[in-house]
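Some notes on the structure that comes next.
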Amino acid sequence: MRIPGLTRRANNMKEIKTQVAIIGAGPSGLLLGQLLHKQGIDNVVLERARPDYVLGRIRAGVLEPGFVSLMREAGVAERMDTEGEVHDGVEIVVNGVRDRLDLKALTGGDGVVVYGQTELTKDLMQARSDSGQTSYYEVSNARPHNMLSAQPYVTFEKDGEEYSLTCDYVAGCDGFHGVSRKSIPAERIKTYERFYPGGWLGLLADTPPVNSELVYIKHDRGFALCSLRSQTRSRYYIQVGENDTVDAWSDGRFWEELGRRLPADLAANLKTGPAIEKSIAPMRSFVVEPMQYGNLFLLGDAAHIVPPTGAKGLNTAGSDVYTLSTILGKVYADGRIDLIEKYYAVRFSWWMSNVLHRFPDTPAFDQKMYDSDLQYYLQSEAGRKIIAQQYVGLPFEIIE
């Protein structure tokens with residue numbers, strides 16, 4: 001492992017120097033590191049977990065064109081381009097009636113790529129290792145310091161040794177529970193948050209998907225989603241109550257309930273099997289602003305969390321990565337320090353969550369409005385185009 005500028009302070013703390021310190025080795029941290037490396041910007045990644053634990057996280061796998069382009073720009077798209085599935089459409093089922101949105105036709109050629117986040121992370125880890133960039137896994141007590149100064153640094157512990165990582169900038173890619181956002185004084189940020197009753201119970205199984213494209217289902221018994229990782233591995237979700245637990249849902253009970261929410265023709269084709277992984281994802285909307293504190297930048301779940309309905313979590317993180325990597329590229333190449341203040345935007349939407357779910361705390365009038373809203377969008381060409389354009393994602397903003 002290459003250790004950039006390793007020295008030892010008088011207090012026996014090892015000192016490392018780099019240009020950008022990245023806290024978090026999930027997809028956003030690793031992708032940012034790879035894009036910076038491609039621009040000749042040195043960076044060090046810190047991660048509290050083991051690599052195998054990071055790879056064990058089961059997450060979304062629907063990639064917008066913008067995220068796909070970033071993977072190609074980072075030089076880690078070979079397996080994604082070979083094994084990822086290009087989807088030109090998506091289905092929405094309301095009251096048992098299937099309605100396919102032709103994404104490609106409605107957006108002028110765009111679709112999405114289905115490629116598991118685990119595989120994506122594996123590709124990024126391998127690329128980082130192959131390039132000789134420095135990563136520290138299983139670190140503890142990571143803490144950013146002096147974020148308002150020209151000489152920020154991050155302290156952490158690894159294998160009983162104390163380290164000080166001196167840098168120019170810190171990228172907080174360590175998720176909702178990470179230290180990056182918590183290092184910002186409470187009076188310097190504003191938080192907006194909403195918790196939805198219940199959550200999504202997800203089941204991953206090595207079974208052929210019930211449909212070749214994703215299917216979003218609005219049903220009186222609750223929302224359901226038929227997703228996939230490949231033609232041999234499926235990912236299904238059903239909306240459950242806020243007091244539900246994974247232990248209360250056997251595989252058999254899950255498959256039975258999913259079948260009740262599917263249209264009859266899809267239910268007849270449903271192939272069941274033992275769960276590889278089963279978990280409940282809470283439904284929460286969370287945004288913090290600003291996403292910057294001096295030379296500390298928040299990316300991905302550290303700054304914002306959206307309900308999983310529109311597959312926006314990873315893709316919105318990709319927007320953050322694009323913005324920050326572009327800004328830092330211009331900072332180091334052209335001295336454009338003024339661009340630092342332009343790191344503020346985040347794109348997200350609650351619309352699909354409201355119109356496709358039935359929440360017990362939603363007033364009857366509001367529910368009627370959501371139902372009417374969905375019907376309008378699905379029954380008009382203009383509305384279908386809006387859904388399709390939002391689903392595949394808007395183009396990244398040009399940084400100038």
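Figure the gain on full extension for F176 and K271 (residue separation times 0.36 nm, minus the Cα-Cα span) and round it to one decimal in nm.
Values: separation 95, 0.36 × 95 = 34.20 nm, distance 3.52 nm.
Here the segment from F176 to K271 would lengthen by 30.7 nm.
Suppose the chain between N12 and K104 were pulled fully straight at 0.36 nm per residue; how much longer would it get relative to their current alpha carbon spacing?
Working: separation 92, 0.36 × 92 = 33.12 nm, distance 5.91 nm.
Here the segment from N12 to K104 would lengthen by 27.2 nm.
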At least 15 Å along the helix axis (C-alpha) and Kyte average at least -1.0, DSSP helices within the chain: 27-38, 313-334, 364-379, 381-392
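A 26 angstrom limit on the alpha carbon distance is what I want to check against. Which of K17/K158; K122/K330; K104/K218; K312/K385; K182/K278; K218/K271 exceed it? Walk me through the numbers on the way to the answer.
Numbers: K17/K158 16 Å; K122/K330 29 Å; K104/K218 23 Å; K312/K385 18 Å; K182/K278 30 Å; K218/K271 21 Å.
Listed pairs above 26 Å: K122/K330; K182/K278.
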Inter-label distance for K385 and S279, nm, one decimal - labels placed 7 Å from Cα along Cα-to-Cβ: 3.9
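If you rank M71, M291 by fewest surrounding Cβ atoms within 10 Å, what's the result?
Numbers: M71 27, M291 24.
By the 10 Å Cβ count, ascending, the order reads M291, M71.
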Simple spin-label model, 7 Å along Cα-to-Cβ: I189 to Q39 in nm? 2.2
For region 161-262, listing trypsin sites (Lys or Arg not before Pro) in a DSSP loop whose Cβ sees at most 14 other Cβ atoms within 10 Å gives R221
Which of the GluC sites (Glu not before Pro) found in region 39-140 are loop residues per DSSP with 15 or fewer other Cβ atoms within 10 Å of their Cβ? E138
For D244 and A333, extending 7 Å from Cα along the Cα-Cβ vector and measuring point to point gives, in nm, a value of 4.8
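Kirkwood Rh over alpha-carbon pairs of the chain, then Stokes-Einstein at 25 °C and 0.890 mPa s: what D in µm² s⁻¹, rounded to an integer? Write out the running numbers ahead of the final one.
Working: Rh = 22.3 Å.
For these conditions, the coefficient is 110 µm²/s.
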First check a/c for region 47-117, with a ≥ b ≥ c the square roots of the eigenvalues of its C-alpha gyration tensor; if it is under 1.5, answer rounded, and if not, answer prolate when a/b is larger than b/c or oblate otherwise. oblate
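For region 232-298, which GluC sites (Glu not before Pro) are both in a DSSP coil and crowded by at most 15 other Cβ atoms within 10 Å? Could the numbers behind the result be given before it?
Values: sites: E242, E256, E257, E277; in loops: E242.
Sparse-neighbourhood loop GluC sites (Glu not before Pro): E242.
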Quick P(r) readout (region 188-324; Cα-Cα; 10 Å bins; whole %) gives 11, 36, 29, 17, 7, 1
When only C-alpha pairs under 8 Å and at least 6 residues apart count, what is the relative contact order of the chain, in percent? 19
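By how many nm would the segment from Q231 to R143 grow when fully extended, if each residue of separation counts as 0.36 nm and the alpha-carbon distance is taken off? It would help to have the intermediate numbers written out before the result.
On the way: separation 88, 0.36 × 88 = 31.68 nm, distance 4.31 nm.
Here the answer is 27.4 nm.
Just so you know, all these numbers are worked out from the coordinates, no wet-lab data involved. Quick caveat, the model's predicted, so the values are computed rather than measured. Counting neighbours? That spans all protein chains shown, and the Cβs are built from the backbone with ideal geometry, glycine included.
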